[in-house]
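This report concerns only the one structure given below.
The values are calculated or read from the model by the stated rules, or taken from the named source; none is laboratory data. Only a predicted model underlies this, so the values are computations on that prediction, with no experimental measurement involved. All Cβ positions, even for glycine, are placed from backbone atoms using ideal geometry, and neighbour counts span all protein chains on display. With ligands, DNA and RNA removed, areas are computed over all heavy atoms of the protein, side chains included. Shrake-Rupley method; radii C 1.70, N 1.55, O 1.52, S 1.80 Å.
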Amino acid sequence: MKLKVGIYWGAACGGCDVAILDTHEKLLDIAAKMDIYLWPIALDFKYDDVKKMEDGYLDAAIYSGAIRNSENEEIAILLRKKSKVMIALGACAHLGGIPGLANFYTRDEMLKRIYIDSESTINEEGVIPLESWNVKEGELDLPRFYNTVKTLDQVVDVEYYIPGCPPVPLQIYSALSLIWDDMLPPVGSVIGAGDKALCESCPRVKEEKTISEFKRIQQVLPDPEKCFLEQGLVCLGAATRSGCGARCIKSGVPCRGCYGPLDDVPDLGIKMLSAIASVLEPKEEKEIDDVLDTIVDPLRTFHRFSMPASILRRKKE
Amino acid sequence: MASGKAVDAVYNIKPPPAATKLRELYYQAHFIHSHAAHFYALAAPDFVVGPDAPAAERNILGLIGKVGLEVGKEVIRQRAISQDIQIIIGGRATHPVWNLPGGVAKALTKEEREKVRPMVVEQLGFAEFGLKLFADVVMGNKAYVDLIIGDGYELVTNYMGLVDDQNKVNFFDGKVRVVDTEGNELFKYTEPEYMEYIAEHVEPYTYLKFPYLKKMGWDGFKEGKGTSIYQAAPLARLNAAEGMATPKAQAEFEKMYETLGGKPSHKLLAAHWARLIEIVYSAERMIELVEDDEILDPNVRVMPSTTPSEGVGIIEAPRGTLTHHYWTDENGIVTKANLIVGTTNNNAPISMAVKKAAQTFIKKGGEVTDGLLNMVEMAFRLFDPCFSCATHSLPGQMPLTVEIKNKDGETIETVSR
Amino acid sequence: MEFEPKLVGFLCNWCSYTGADLAGTARISYAPNLRAIRVMCSGRIDPTFIIKALYEGADGVLIAGCHPGDCHYQEGNYKALRRYKLLKRILPEYGVEPERVHLEWVAASEGEKFAKVVNEFTDKIKKLGPLNMKQSIFDSMKEDIVVHESAGEEKGGEADEA
Ligand code: SF4
Ligand code: SF4
Ligand code: SF4
Ligand code: FES
């Protein structure tokens, strides 16, 4: 029997949906194994079709994107009710992702920046979009723009996570095949990825060197064979889950951590902080400060994809 | 790519020629994948399966059912080729991180070029197939032709697009050219000048802003001569230019305008035709780039020597002109950003096009079918299948509810999708 | 009522923890606000513990280890120092005053120093006032919670535990 599946995007860029399309010829295989009941980017079904389903009707819901507004959350809740298994697809749903960097700001700061202060905006009356607005034809509603971006599992229970920004298409396929082959691991598992640190599958040569200065990639032409970190480039491979095939590293750029933390690591960014500090060379306070001065914007660098999923979640107001 | 150009500008550096060519090659492949997905998966079902076919069939699978699995497989295969070209060049097809200030992180090797060579040739074949499909299935069907040239999908606005110094369409570099409703050039601007020409208007009922031509001032949702509304999408790009820079695309460009009865064309549905012409241009341009030996030059990075500060990058995204403007601190950390993305440009035109389609197709006393609603949605879909990019992280779904009111303002029927 | 800060101390077993003991047996009186956690070496203190402590209600965290050169595991305290310094740099980004985390070297014989460190740290945090991390994070999300007709319990309700 074919599986019944719904695919949805919350606060997403669409890259995760494109990654599903990028399973290419396997798409026909997916279509043969699953009937898709909702997929806004590709199919013409609507929320109402889902609302009419009985609870638990879908075998799985695949949700990409973070929770940034009330619509993202309502559909997450709706799909949760209608589905037996809920899967977070991609870094945004898994960890909050790039949209999660907004947690360094407040809702009011953002609305003001976008609608009032933005340089190309002319808005003398200071109009800010409203959740409800009366026009002569009736009332128009907008979803509420949240103060804090959340991960999917902060609003509904999630059984499985497929990491990556976006996930590697073949990994999505292999994760989906776990569903139809009925081989799903224990609830809460990350699927479609490895269980070791990226460093362990990285092709670059490591020598266990300590670091006495950091540089940014625009300041150096890195050696193409050697470990980035040992060359003084911040690379998050030590704290990041393997599974992407080191694709950024192979194209000449350090890892930014999109596959998220390893099992049992509650906070990727803080883990990375610890790992980086451990490999520094100096012991004297002053010298340590000098090295640390060369790490530009450490928190956002370590939490590029994971701020909402971190222990502290957001900047305190 | 816009961010890559904006970052170059922030550091005030120019990447070496090979880097620029690699970026463009990557980008042309991106255009083909994006346009192919937009046309075949999201727009073609409306034509091939039929605009008023049941929703369950009006999708890529229904399309495959109609045109045959072989064609479906070929579309999937060609999309795979576009994506693979990007992976070969930049490591990943979505969110390429190899694009750096002053160039790219990795040069193209001889072997990689040999791999890409036959791929781009195939892509051109596929691009031409798209034109043939359009000629047979759409232009060969009188009902569709009537739909395209009819009034339901017509909107008279100004048009915007990036052009090279011959005023030919360019996705990647050049100046932004804006023409009026009759096709006369209004102005041309370079990247740092965008704010002199474009402004954005805010309405309380949507999170999406409404860009307009600043010199004319915001004058509401009015079409016709003198309007401050402009469009920026495939058809608008062609309208804003004087031609295509490659021969096959140019020939089809001429054919399209002849069929539509002159340039600029205000026939919105012709956007799909324009999209297919752009695929041909991308494919032809990819062949030129791959055949250019300079693309193998190992020198693909220039090191910045200035303190970073501020920069603007503009490219043509598949769905419209894309502007990125960054301000940074002395470390190059962005402190402020202003973006006007593809579909945002088209916000006002989309609203107007949807209204017009609704007024045309939903007739007094007539039954409002799912098919009619889809025809309203088609006015939207020709700009953007999803809207996710333009609303940033806001609603990713298109919640269309049509309320039909009688002349006293009472709701007589509500149809939601 | 005067604000009595809740402080967590991660103390190295070989030195500071013994120092604290000494302060106790020598009946040196010092502020009672510190809850001491014994670790085998300051190098074993994962910054995650510190963040977690701040999140769970600590108003300040004290790290104490052996003097440079005296670490039983050679490099542990240098590691601790580097982590501490990097951590202090990111705390303001979270909206947390960096003074809420403090590191000191306290030897086994330095009972008096230990008492002094705790007193001074307690005073400093008293002046800073309560942190209330968890509650303030959930408060700032209060308006974000959707009440859905059929949704039942909203998951964000964790705030209740705070
Ligand atoms: S995880 Fe990455 S690719 Fe997926 S929606 Fe988020 S930003 Fe886009
Ligand atoms: S730090 Fe980065 S470059 Fe070095 S081994 Fe780990 S993943 Fe590879
Ligand atoms: S190298 Fe790092 S950032 Fe790049 S895809 Fe892999 S996990 Fe993500
Ligand atoms: S043993 Fe005391 S700090 Fe290492």
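In the set B:209, B:222, B:248, B:263, which member is in contact (Cβ under 8 Å) with a residue 40 or more places away in the chain and either open to solvent by less than 20 Å² (accessible area, probe 1.4 Å) or within 27 Å of residue A:132 (Cα to Cα) (or both)?
Going through B:209, B:222, B:248, B:263 in turn, the sole match is B:209.
Step by step: first the residues of the stretch A:29-55, then only those that are more than 12 Å from residue A:6 (Cβ to Cβ) and more than 8 Å from every other protein chain (Cβ to nearest Cβ), then the one that is surrounded by the most Cβ atoms within 10 Å (Cβ to Cβ). Which residue is that?
A:30
Which residues, counting only those in the stretch A:191-208, are assigned to a loop (DSSP other than H, G, I, E, B), touching a residue at least 40 places away in the same chain (Cβ under 8 Å) and exposed (fewer than 15 other Cβ atoms within 10 Å of the Cβ)?
A:195, A:196, A:203
Hey, can you tell me all the residues within the stretch A:201-221 that are at pLDDT 95 or above and within 25 Å of the chain's Cα centre (by Cα)?
A:202, A:203
What number of residues within the stretch A:299-317 are within 16 Å of ligand 2 (Cβ to nearest atom), at the interface with chain C (Cβ under 9 Å from one of its Cβ atoms) and open to solvent by 10 Å² or more (accessible area, probe 1.4 Å)?
Residues meeting the conditions: 0.
For the stretch A:238-246, state whether one or more residues are in a loop (DSSP other than H, G, I, E, B) and away from ligand 3 (no atom under 14 Å from the Cβ).
No, that holds for no residue.
Return yes or no: is residue C:90 touching a helix residue (DSSP H, G or I) at 6+ places or on another chain (Cβ under 7 Å), away from chain A (no Cβ under 14 Å) and open to solvent by less than 10 Å² (accessible area, probe 1.4 Å)?
On the way: touching a helix residue (DSSP H, G or I) at 6+ places or on another chain (Cβ under 7 Å): yes; away from chain A (no Cβ under 14 Å): no; open to solvent by less than 10 Å² (accessible area, probe 1.4 Å): yes.
No; evaluated as a whole, the condition is false for this residue.
Can you go through A:296, A:220 and tell me which one is over 18 Å from residue C:83 (Cβ atoms), surrounded by fewer than 18 Cβ atoms within 10 Å (Cβ to Cβ), touching a Lys or Arg at 6+ places or on another chain (Cβ under 7 Å) and within 14 Å of chain B (Cβ to nearest Cβ)?
Criteria check complete, one pass: A:296.
Quick grid of which residues meet (1) modelled with pLDDT of 95 or more; (2) under 22 Å from residue B:314 (Cβ atoms); (3) touching a Gly at 6+ places or on another chain (Cβ under 9 Å); (4) away from chain A (no Cβ under 13 Å):
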position: B:137; (1), (2), (3), (4): no, no, no, yes
position: B:144; (1), (2), (3), (4): no, no, no, yes
position: B:155; (1), (2), (3), (4): no, no, no, yes
position: B:176; (1), (2), (3), (4): yes, yes, yes, yes
position: B:207; (1), (2), (3), (4): no, no, no, no
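For the stretch C:35-61, what are the residues that are assigned to a helix (DSSP H, G or I), under 16 Å from residue C:82 (Cα atoms) and in contact with a strand residue (DSSP E or B) (Cβ under 8 Å, 6 or more places away or on another chain)?
C:42, C:43, C:49, C:50
Modelled with pLDDT of 80 or more, touching a Leu at 6+ places or on another chain (Cβ under 7 Å) and assigned to a loop (DSSP other than H, G, I, E, B): is that true of residue B:108 in this structure?
Yes: the conditions hold for residue B:108.
Kindly check whether there is at least one residue in the stretch A:246-260 that is more than 14 Å from chain B (Cβ to nearest Cβ) and closer than 20 Å to residue A:193 by Cβ.
Within the stretch A:246-260 (the criterion being more than 14 Å from chain B (Cβ to nearest Cβ) and closer than 20 Å to residue A:193 by Cβ), the answer is yes, since at least one residue qualifies.
Restricting the stretch A:281-317 to residues that are among the basic types (Lys, Arg) and part of a loop (DSSP other than H, G, I, E, B), which is nearest to residue A:163 (Cα to Cα)?
Only one residue tops the list, namely A:304.
For the stretch C:47-57, state whether one or more residues are away from chain A (no Cβ under 13 Å), open to solvent by 10 Å² or more (accessible area, probe 1.4 Å) and either over 18 Å from the mean Cα position of the chain (by Cα) or without any contact (Cβ under 8 Å) to a residue 40 or more places away in the chain (or both).
There is no residue in the stretch C:47-57 that is away from chain A (no Cβ under 13 Å), open to solvent by 10 Å² or more (accessible area, probe 1.4 Å) and either over 18 Å from the mean Cα position of the chain (by Cα) or without any contact (Cβ under 8 Å) to a residue 40 or more places away in the chain (or both).
Exactly one of these conditions fails for residue A:39: (1) among the aromatic types (Phe, Trp, Tyr); (2) over 20 Å from residue B:80 (Cβ atoms); (3) within 16 Å of ligand 1 (Cβ to nearest atom). Give me its number.
Of the numbered conditions (1) among the aromatic types (Phe, Trp, Tyr); (2) over 20 Å from residue B:80 (Cβ atoms); (3) within 16 Å of ligand 1 (Cβ to nearest atom), the odd one out for residue A:39 is (2).
Yes or no, residue by residue, for (1) within 14 Å of chain C (Cβ to nearest Cβ); (2) open to solvent by less than 30 Å² (accessible area, probe 1.4 Å); (3) more than 25 Å from residue A:10 (Cα to Cα):
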residue	(1), (2), (3)
A:139	no, no, no
A:145	yes, yes, no
A:172	no, yes, no
A:189	no, yes, no
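Does residue A:260 qualify as being under 16 Å from the mean Cα position of the chain (by Cα) and not in a loop (DSSP other than H, G, I, E, B)?
no
Identify the residue in the stretch A:96-137 that is among the small types (Gly, Ala, Ser) and surrounded by 15 or more Cβ atoms within 10 Å (Cβ to Cβ) and, among all such residues, is farthest from residue A:268 (Cα to Cα).
Looking at residues that are among the small types (Gly, Ala, Ser) and surrounded by 15 or more Cβ atoms within 10 Å (Cβ to Cβ), I get A:120.
Enumerate the pairs (first residue in the stretch B:138-150 and open to solvent by less than 60 Å² (accessible area, probe 1.4 Å); second residue anywhere and among the basic types (Lys, Arg)) with beta-carbon separation below 8 Å, excluding pairs fewer than 6 apart on the same chain, so at least 6 apart or on different chains.
Close Cβ pairs (under 8 Å, with a partner that is among the basic types (Lys, Arg)) amount to B:148/B:267.
Before we move on, is residue A:267 more than 16 Å from ligand 4 (Cβ to nearest atom) and more than 22 Å from residue A:217 (Cα to Cα)?
Yes, satisfied.
Looking only at the stretch A:105-121, decide whether some residue is of a type outside the set (D, E, K, R) and in contact with a Cys (Cβ under 7 Å, 6 or more places away or on another chain). It would help to see each step written out before you state the result.
Taking the stretch A:105-121 and keeping what is of a type outside the set (D, E, K, R), we get A:105-106, A:110-111, A:114-116, A:118, A:120-121.
Okay, now just the ones that are also in contact with a Cys (Cβ under 7 Å, 6 or more places away or on another chain), so none.
No - not one qualifying residue is present in the stretch A:105-121.
Condition (residue is part of a loop (DSSP other than H, G, I, E, B), away from ligand 3 (no atom under 12 Å from the Cβ) and surrounded by fewer than 22 Cβ atoms within 10 Å (Cβ to Cβ)) applied to the stretch A:265-274: is it met by at least one residue?
yes
Considering only the stretch A:18-28, state which residues are open to solvent by less than 20 Å² (accessible area, probe 1.4 Å) and either more than 9 Å from chain B (Cβ to nearest Cβ) or closer than 17 Å to residue A:180 by Cβ (or both).
Step one: filter the stretch A:18-28 for residues open to solvent by less than 20 Å² (accessible area, probe 1.4 Å), giving A:19-20, A:22-23.
A:20, A:23, listed by residue number.
Quick test for you: out of A:273, A:268, pick the one residue that is within 15 Å of residue A:165 (Cβ to Cβ) and not small (Gly, Ala, Ser).
A:268
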